[in-house]
Amino acid sequence: MFLDDFHSVQDGTIRITARQGSRFAKEVAGDFNPIHDPDAKRFCVPGDLLFALVLARYGLSTRMRFGFRGMLGDDVAIRFRESGSGTLDIVDAGGKVYLEVERAGPIIRGEEVVEAFTRRYVAFSARNFPHFLKPLMAEKGVMFNPDRPLVIYDSMSFELRNLDLDSPVMELANATLDVSGKRGDALIAFDIVAAGERVGGGSKKLILSGLRAYDEERLQDFIAEFTRRMEDYRAGY
């Protein structure tokens, strides 16, 4: 399956190295958040990789909610822990929870459909910055610290009303940012469209920490460096 290069399974546990997590972020999602660089001091496995692993193993339920509860570091042994109520967690050997998943409704298990949905969602999700967040920060007059940007994936949920997912795409429906002191809660709502028809929708929540006054020049410098890193990586530098 297409996720084989981005994790390993040993003795019933899953491991994701910093290199694997970073490759998934950059090569599958197109996510160049510095927190996913393999040498980042606070490296974090992309939440969307955990999302992808859940769908690959359990299929695509018509109603799903993902709550991210911790930052998963390099090469930590994790496993799926199921309950009888349709929920499951991703936990480490000590029982620390990194992801909580709620599922309900019919399940789509076709590998091609699940992979297509996964790829389209993570590509949409990776557009957090600068596509979605920059205009929100400009509107509110705040920005994250460009020297230590910290944008945390809090949760995501979606509901499908049609199981016929022919080449699904995710389209931005609405985006808001609520600011309280140095913290911001961004909510990004999206439509799920297949064959030109809206077949569902969902939203994701991001937490922005260390907010400060908006500085267009500094943010543009950050975007330029962000773009350079992305282009260099894709060019093989």
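The values are calculated or read from the model by the stated rules, or taken from the named source; none is laboratory data. Worth saying up front: this structure is predicted, and the values here are computed from it rather than measured. Cβ atoms come from the backbone with ideal geometry, glycine included; neighbour counts cover every protein chain shown.
Quick one: in region 1-49, which of the residues that are of a type in the set (D, E, K, R), in contact with a helix residue (DSSP H, G or I) (Cβ under 7 Å, 6 or more places away or on another chain) and in contact (Cβ under 8 Å) with a residue 24 or more places away in the chain is farthest from Asn128 (Cα to Cα)?
Arg42
Arg161 - would you say it is modelled with pLDDT under 95, out of contact with any helix residue (DSSP H, G or I) (no Cβ under 7 Å at 6 or more places or on another chain) and among the basic types (Lys, Arg)?
Working: modelled with pLDDT under 95: yes; out of contact with any helix residue (DSSP H, G or I) (no Cβ under 7 Å at 6 or more places or on another chain): yes; among the basic types (Lys, Arg): yes.
Yes.
Answer yes or no as to whether Thr87 is of a type in the set (Ser, Thr, Tyr), on the phi < 0 side of the Ramachandran plot and at pLDDT below 95.
Yes.
Conditions: (1) on the phi < 0 side of the Ramachandran plot; (2) in a loop (DSSP other than H, G, I, E, B). Gly210 meets all but one. Number of the miss?
With (1) on the phi < 0 side of the Ramachandran plot; (2) in a loop (DSSP other than H, G, I, E, B) applied to Gly210, the lone miss is (1).
Here are the criteria: (1) of a type in the set (S, T, N, Q); (2) surrounded by 14 or more Cβ atoms within 10 Å (Cβ to Cβ); (3) assigned to a helix (DSSP H, G or I). Tell me which single one Ser203 does not satisfy.
(3)
Which condition breaks for His131 when tested against (1) of a type outside the set (Asp, Glu); (2) touching a residue at least 60 places away in the same chain (Cβ under 8 Å); (3) farther than 26 Å from Gly84 by Cβ?
If we test His131 against (1) of a type outside the set (Asp, Glu); (2) touching a residue at least 60 places away in the same chain (Cβ under 8 Å); (3) farther than 26 Å from Gly84 by Cβ, just (2) comes out false.
Test Leu55 against the stated conditions and say whether it is in contact (Cβ under 8 Å) with a residue 40 or more places away in the chain, within 25 Å of Ser203 (Cβ to Cβ) and of a type outside the set (Val, Ile, Thr). If you could, list the steps in order and put the result at the bottom.
Working: in contact (Cβ under 8 Å) with a residue 40 or more places away in the chain: yes; within 25 Å of Ser203 (Cβ to Cβ): yes; of a type outside the set (Val, Ile, Thr): yes.
In short, yes.
Give region 67-94 a look and list any residue that's out of contact with any Lys or Arg (no Cβ under 9 Å at 6 or more places or on another chain) and in contact (Cβ under 8 Å) with a residue 40 or more places away in the chain, or say none.
Within region 67-94, the subset out of contact with any Lys or Arg (no Cβ under 9 Å at 6 or more places or on another chain) is 67-68, 72, 79, 81-85, 94.
Matches in region 67-94: Gly67, Phe68, Leu72, Arg79.
Name the single residue that is nearest to Val97 (Cα to Cα) among those in region 35-55 being among the small types (Gly, Ala, Ser) and surrounded by 21 or more Cβ atoms within 10 Å (Cβ to Cβ).
Keep residues of region 35-55 that are among the small types (Gly, Ala, Ser), which gives 40, 47, 52.
So of that shortlist, the ones also surrounded by 21 or more Cβ atoms within 10 Å (Cβ to Cβ) come out as 47, 52.
On the way: Gly47: 13, Ala52: 17 Å.
Looking at residues that are among the small types (Gly, Ala, Ser) and surrounded by 21 or more Cβ atoms within 10 Å (Cβ to Cβ), I get Gly47.
Just give me the residues in region 115-152 being modelled with pLDDT of 95 or more, touching a helix residue (DSSP H, G or I) at 6+ places or on another chain (Cβ under 7 Å) and β-branched (Val, Ile, Thr), in sequence order.
Thr118, Val122
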